[in-house]
């Protein structure tokens, strides 16, 4: 189940008149901190028929995403008609423009499970092992043209033990950093903060080298984008004292029993729809045959985000 953060009083700091913060609705992000969480919040939206959301179910999904940029849903997956139910939910939220990858099928679905075969390319990537998958946002190595703005993670089978997913709204992270030191978010908004080398496999370039910022105002949606990873290899961070201090602050907020982090162990028929928030997976162990007990989640990434309203900045939380 999701962890329940403890309410705190957050002092509001007004955005500076220039820089990234001035271009974003920072007051709304700070308001999230002041009101997070609401005791009335339901952490999982129960859906009776994923093929056709009711008005109440849709409204509850939108409320959850507006509150924390992600929502947990659940439905009865034992119904044969609902085997692809989460894909229907996404379509009803206008999430249809998928961002594919070599491991995805024709629907953009990637099966996140342990791959032991040495000849499968996915086997060398951490998501396809049972190891800890450190904090990151999806597609942190992509430029704006290939940006991942949302994703769905749907559980087919949980692990025997472990495999918990943690999430934190990237807008909350921005507000927490800004509230401590506005210079941190501006340093992380520099266009040369992180560099990811090209991904070259067997002499073929799968992805070009990318250099970009951690925080950015999306040129398409006008909303906040965050690029982040804790990978230690194949990454170069700008060696700037303010940048490095800000990165240390992010790690402290993620790991120091942060009340803003929510944790859950997804069960069959449950899933998360998110506007590409920060997320993390604990290591896990399995037993039995792969067909019955290996942990399996299915993921689709999208190039658009869940729009909770035409003007999100003015909506009440």
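Listed by position, the helices (runs of 4 or more DSSP H) inside the stretch 24-97 whose residues that are closer than 19 Å to residue 302 by Cα and modelled with pLDDT under 95 number at least 3 are 55-68. Taking interchain pairs and intrachain pairs at least six residues apart, which have beta carbon atoms under 6 angstrom, with the first residue in the stretch 259-285 and at positive phi and touching a residue at least 60 places away in the same chain (Cβ under 8 Å) and the second part of a strand (DSSP E or B) and surrounded by fewer than 19 Cβ atoms within 10 Å (Cβ to Cβ)? From the stretch 259-285, the pairs are 269/74. Taking the criterion of being modelled with pLDDT of 95 or more and crowded, with 19+ Cβ neighbours inside 10 Å, would at least one residue in the stretch 285-295 satisfy it? No - not one qualifying residue is present in the stretch 285-295. For residue 267, the test of being at pLDDT 95 or above and part of a loop (DSSP other than H, G, I, E, B) is passed. The strands (runs of 3 or more DSSP E) found wholly in the stretch 147-244 and carrying at least 2 residues that are farther than 30 Å from residue 267 by Cβ occupy 194-196, 199-201, 204-207, 210-212, 215-217, 224-226.
Selection within the stretch 1-23: residues that are modelled with pLDDT of 50 or more and surrounded by 19 or more Cβ atoms within 10 Å (Cβ to Cβ). The member of this set that is farthest from residue 189 (Cα to Cα) is 21.
The values are calculated or read from the model by the stated rules, or taken from the named source; none is laboratory data. All figures in this text were calculated on a predicted structure; none of them were measured in a lab. Neighbour counts are summed over all protein chains in view; Cβ atoms, including those assigned to glycine, are modelled from backbone coordinates with ideal geometry.
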